[in-house]
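Read-outs throughout are calculated quantities, based only on the coordinates presented, and are distinct from any laboratory measurement. Keep in mind it's a predicted model, so treat the numbers as computed, not measured. So basically every Cβ, Gly included, is an ideal-geometry build from the backbone, and we count neighbours across all protein chains shown.
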Amino acid sequence: MQSISRRLSILLVLSAVAAILLVTVFVNLTVSNKFNEYMIDIQNKRYERIVSYFEEAYKREGKWSSDTGIELMHEAYMGNYCLTLLDSSKQPVWGMDPNDLKTQIHIGEMSGHDSGVYTTKTFEIKVDDSIAGFVDIGQYSSVLFSEEDLTFKSSINKSIIVSGGLTLIIIISLSLYFSKQFSTPIREVAKMSVRLSQGNFDTVSNFKSNIDELEDLRKSVNILAGKLKYQDTLRKRLVSDITHEIRTPLNVLQNNLEAMIDGVVPVSKEGLHYLNEEVIRFGKLINDLNLLKEFESESIKLNYETIDLDKLITEMSNDYFKAVENKNITFKYEINTNEKYHIIGDKDKIKQVMINLLSNAIKFNQSNGEIVIKLYKDNKHIVVEVIDNGLGIKQEDLPFIFERLYRGDKSRNQIEGNGIGLTIVKNILEFHNAKIKVDSKEGLGTTVTLYFNSTPNL
């Protein structure tokens, strides 16, 4: 197996090499073809010029002689081609010896063979629309281009090769750099995932990437690690809390029963009543856990009906007047009686929500405290607020108050409870498509706000 950095680097380098080779070949062929076309065009123009020269010479002299156009011979030698002037009967007037040209240009050395292929082209010389003669222009194929032409063409090819090599080096360097930019954050995330799979939830990736998608991936994995750590902490705390909640009543029962059996504590009605209260508390905890299990497995059955929320709250508030009087707490509610507050839901479960909220407001309040219940409508919801000025909740505890068996600071732990009430409340509200919001400040009190969907047609 290969690392992503190695695989990506190889892929980019191979792609670059293939692209450069294709471009180099294409450019080389294009330049060579264009250069050949250019040289052939020059040669054709040379042929036209030579033919035109002989036509003008014949017009001046009116006949062919051994000196006609002889001045072109020097130019022909310099241009590495041979001229032969023929009359209208194709009889030679004068001509150059190809062997002299072969000796002059050392054709064997230039072509790599003992001799080149000598080719000729014959052109008509016309004067007044009649053929006055012919001119043969011969040239060795190996020296179609002059030495300067071949040098120029060679330098172009070398430039293309050097440019391709430099481009390849640059692209390889950039490929290695960018592959590292991609692979490093991915490798960090992969290592982090392995550590998470091994149960190390404290791992965090600090390597930042300037690529949005990779940075989003890094942040997502960090968030996942945080949530896994949080869930692992909750799991451990849940096991610990359940063990504690179950062990406490069982220890009380066991110790008292052993004391009664040993005769250390006499069997009395008060003692049995106390033990019965522990059994009831234990049974209530088990019932709450079973109820929570039903909600979380979505197996609970709800009996939906139209609920008059203001009537339900008024009746329940009256049930709690005695409890607030015993604790010397001021209790009041504010309801606009001109509105109708109808919702669809399970009446018993909504009562259970209000019981939990009112019980908490009383339980965590102080003597001479105050509890206010507000019921009103906003644009889309029926809103219930339960406000107290009791102990309040620490800010660091607020995100966890709906977790199973979660209980905050020690001052709240000293008050009886099992930490399941708000978890059940949230589950009930979710089944009713309602929302709950808790605002609290330590030492100043708590405001719990419920948002129910309004049913104006009822």
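Picking from 393, 335, 350, whose Cα lies most toward the positive end of the charge dipole for region 304-453 (charges on Cβ: Lys, Arg +1; Asp, Glu -1)?
The residue sitting farthest along the positive end of the dipole is 393.
Could you give the size of the charge dipole of region 304-453 about its Cα centre, using +1 on the Cβ of each K and R and -1 on the Cβ of each D and E, expressed in debye and rounded to the nearest 20?
160 debye
Pick out, from 29, 72, 57, the residue whose Cα sits farthest towards the positive end of the charge dipole of region 3-81, with +1 on the Cβ of Lys and Arg and -1 on the Cβ of Asp and Glu.
Projecting each Cα onto the dipole axis, the largest value belongs to 29.
Give me Rg/Rg_expected for region 304-453, where Rg uses Cα atoms only and Rg_expected = 2.2 N^0.38 Å with N residues.
1.01
Between residue 193 and residue 306, take the C-beta separation as r, use R0 = 41 Å, and let me know the FRET efficiency to the nearest 0.05.
0.20
What is the spin-label model distance, in nm, from residue 284 to residue 339 if the labels are put 7 Å beyond Cα along the C-beta direction?
Distance between label points: 3.3 nm.
Once you order the gyration tensor axes a ≥ b ≥ c over the Cα atoms, which shape class does region 337-392 get: rounded for a/c under 1.5, otherwise prolate or oblate by comparing a/b with b/c?
Oblate, since a/c reaches 1.5 and b/c is not below a/b.
To make sure I understand the rule: partners must be lysines, Cα under 22 Å from the Cα of residue 121, and not fewer than 8 residues away in the same chain. Which ones qualify?
Hits, sequence-local ones excluded: 45, 90, 102.
Calculate the FRET efficiency for residue 220 and residue 359 from the Cβ-Cβ distance with a Förster distance of 45 Å, rounded to the nearest 0.05.
Approximately 0.65, to the nearest 0.05.
Which distance in Å, rounded to a whole number, links the C-alpha centroids of region 316-387 and region 177-221?
Spelled out, the Cα-based centre of one part sits 49 Å from the other.
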